[in-house]
Amino acid sequence: KVVCVTGASGYIASWLVKLLLLRGYSVNATVRDVNDSKKVDHLLKFDGAKERLKLFKADLLEEGCFDLAVEGCEGVFHTASPSFLDANDPQTELIDPAVKGTLNLLKSCAKLPSLKRVVLTSSMAAVLSNGQPRSPEVIVDETWFSKPDFCREVKLWYALSKTLAEEVAWKFVKENNIDMVVIHPLYVLGPLLQPSLNDSSATVLRLLTGAQTSPNVAAGWINVKDVANAHIQAFEISSASGRYCLVETVTHFSDFVKISHELCPTLPLPEKFVMDEPLTPKFQVSKEKAKTLVIEFIPLQVSIKEIVESLKEKKFLNF
Ligand code: NDP
């Protein structure tokens, strides 16, 4: 079976490509620059890559550029999207590539007789950003939707990009009779396969080193292997449908650092890592629907150990 993964060099997509190859799939992987060794070398070393991995050049904003990569595919995993929170020009840096890129990819999929399902990587940012009150009793689930007006009002530009991209995707697939499932992870952590940091592992590194104090927000965490696996399960389980929230645990950033220090006592605890007061109350995220994808969630403690090891191995952490 042939499948396509967009943005294949990314943190989540690298795991997705690795696991797809292990499950015997042939993978058409899109990257922005097929000659950039920092982006592709790790992919080419995966088991099965020599026989079953093909690289394709594609930029989200280039119309028609996904046509070749999706040709003959039964499944298309769309992970490529600008994944960072701070932008000088949100429209150009975040919203256009997320929204136009998603439409661009779906237009290529609409022409595909072989296609069974598209799995879109969205985010809890497209679920949670609606201004609804939070408390430890509140259980967020797949019926929650972020509100574009709220995102604009409080300048949550990344959340806006993911919310609008999901909105246009649902509209397009309904009009064009495409089967789509959407995955919504929160902060992703665990081992890095790619040599560089992505935004969520950079956040973990900043928290662990105290390089920059962060607002003490309540954040949800999920292991990258669970996220990759959920994408594959969402493709393979024919009854899968709609949206899936993926959060193993919600902690405040301050508790995240304390847990990390307890687990890895040799990790020097930074003096100041978060601003003093919790800025957002904790909440829960329902695992009920995610469980139907038959995923055993990796506990946060294990994910922390894995990312600390990985950051050490790649020399981002020295202790
Ligand atoms: P990465 O930054 O590692 O991956 C993002 C990928 O998107 C990269 O491969 C990047 O390519 C590609 N990309 C960005 N802009 C373009 C463009 N204009 N044209 C083509 N490709 C582009 O981050 P993640 O792996 O974390 O993110 C993957 C997906 O998961 C994103 O959709 C993100 O929104 C979502 N997500 C991530 C979470 C997290 O905590 N990590 C949480 C929730 C959702 P290049 O390498 O060339 O820059």
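The values are calculated or read from the model by the stated rules, or taken from the named source; none is laboratory data. All values reported here derive from a predicted model rather than from experimental measurement. Every residue, glycine among them, receives a Cβ derived from its backbone with ideal geometry; neighbour counts consider all protein chains shown. The area values use the complete protein model at the heavy-atom level, side chains included, leaving out ligands, DNA and RNA. Shrake-Rupley method; radii C 1.70, N 1.55, O 1.52, S 1.80 Å.
What to note about this one:
- Test set (1) at pLDDT 95 or above; (2) aliphatic (A, V, I, L, M); (3) more than 9 Å from the ligand (Cβ to nearest atom) - Ala126 fails condition number: (3)
- Filter result for Gln301 (in contact with a Leu (Cβ under 8 Å, 6 or more places away or on another chain) and open to solvent by 60 Å² or more (accessible area, probe 1.4 Å)): yes
- Residue check, Ser201 within 16 Å of the ligand (Cβ to nearest atom), small (Gly, Ala, Ser), within 29 Å of Lys258 (Cβ to Cβ) and open to solvent by 50 Å² or more (accessible area, probe 1.4 Å): no
- Residues being farther than 28 Å from Asn176 by Cβ, assigned to a helix (DSSP H, G or I) and more than 15 Å from the ligand (Cβ to nearest atom) are entirely absent from region 74-92.
- When region 110-123 is limited to residues that are within 13 Å of the ligand (Cβ to nearest atom) and part of a loop (DSSP other than H, G, I, E, B), the one that is surrounded by the fewest Cβ atoms within 10 Å (Cβ to Cβ) turns out to be Ser122.
- Members of region 129-147 that are in contact with a Gly (Cβ under 8 Å, 6 or more places away or on another chain) and either polar (S, T, N, Q) or away from the ligand (no atom under 16 Å from the Cβ) (or both): Lys147
- Cβ-Cβ under 7 Å pairs, at least 6 apart or on other chains, region 153-164 side more than 11 Å from Phe84 (Cα to Cα), far side among the β-branched types (Val, Ile, Thr) and within 13 Å of the ligand (Cβ to nearest atom): Leu160/Ile95; Leu164/Ile95; Leu164/Val99
- Output for region 176-192, where each listed residue is of a type outside the set (Asp, Glu), more than 8 Å from the ligand (Cβ to nearest atom) and open to solvent by 40 Å² or more (accessible area, probe 1.4 Å): Asn176, Asn177
- Picking from residues in region 151-175 that are of a type in the set (D, E, K, R) and surrounded by fewer than 23 Cβ atoms within 10 Å (Cβ to Cβ), the one that is nearest to the ligand (Cβ to nearest atom) is Glu167.
- Criterion (open to solvent by less than 10 Å² (accessible area, probe 1.4 Å) and more than 10 Å from the ligand (Cβ to nearest atom)) met by exactly one of Ala219, Ala240: Ala240
- Test result for Lys258, of a type in the set (Lys, Arg), outside any strand (DSSP E or B) and modelled with pLDDT of 95 or more: no
- Only one of the numbered conditions (1) out of contact with any Cys (no Cβ under 9 Å at 6 or more places or on another chain); (2) within 27 Å of Glu167 (Cα to Cα) is violated by Pro270, and that is (2).
- Residue selected from region 204-216 under the condition open to solvent by less than 10 Å² (accessible area, probe 1.4 Å) and under 17 Å from Lys312 (Cα atoms), by the criterion farthest from the chain's Cα centre (by Cα): Leu208
- Count of region 242-280 residues, restricted to those that are basic (Lys, Arg) and farther than 30 Å from Val181 by Cβ, is 2.
Residue by residue, here is whether (1) in contact with a strand residue (DSSP E or B) (Cβ under 8 Å, 6 or more places away or on another chain); (2) in contact (Cβ under 8 Å) with a residue 24 or more places away in the chain holds:
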{"residue": "Ile183", "(1), (2)": "yes, yes"}
{"residue": "Leu192", "(1), (2)": "no, yes"}
{"residue": "Leu197", "(1), (2)": "no, yes"}
{"residue": "Thr209", "(1), (2)": "no, yes"}
{"residue": "Trp221", "(1), (2)": "yes, yes"}
{"residue": "Arg243", "(1), (2)": "yes, yes"}
{"residue": "Glu248", "(1), (2)": "yes, yes"}
{"residue": "Glu262", "(1), (2)": "no, no"}
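- Strands (runs of 3 or more DSSP E) contained entirely in region 127-241, each with at least 1 residues that are polar (S, T, N, Q): 214-216, 218-223
- Contacts under 6 angstrom Cβ, first residue in region 90-106 being more than 15 Å from Thr79 (Cα to Cα), partner of a type in the set (D, E, K, R), 6 or more apart: none
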